[in-house]
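Trainee: Here it is, the structure, as structure tokens.
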Amino acid sequence: MRRILEDQREQVMKVWNDTSLAAANRVSATRIISDRTRIASERSSQKKQKAKYNKARKPRAAGENSASPSIEEWMKATAEK
């Protein structure tokens, strides 16, 4: 996350130090950079959450927790209706 924010800062500094850009263009460029940063940070956190979820989740052995039907049993039950 830190690297994402550092990249954002560098990009914004380049935009605001570019004297060839009009002020309105600087503002819109800064918004675009912020949007990209938000998307990158969301992706990063999603990857971390997914890794955490997959690590914590253990696959069930056959017959384990028989109170919960298997997918095949669920599909058969819904097809019969």
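Trainee: So what does log10 I(q)/I(0) come out to for region 1-40 at q = 0.28 Å⁻¹, using the Debye formula with one equal point on every Cα and no solvent?
Mentor: So the normalised log intensities are -0.90.
Trainee: Something else: How many nm separate the modelled label positions at A77 and R9, each set 7 Å beyond the Cα in the direction of the Cβ?
Mentor: 5.5 nm
Trainee: Another question, if that's okay. Any chance you could run the full-extension gain for T19 through K47? It's 0.36 nm times the residue separation minus the Cα-Cα distance, nm to one decimal.
Mentor: 6.3 nm
Here, each number is a calculation from the coordinates, and none is a lab measurement. These numbers come from a predicted model, not from an experiment. Reconstructed Cβ throughout: ideal geometry from the backbone, glycine too, with neighbour counts over all protein chains shown.
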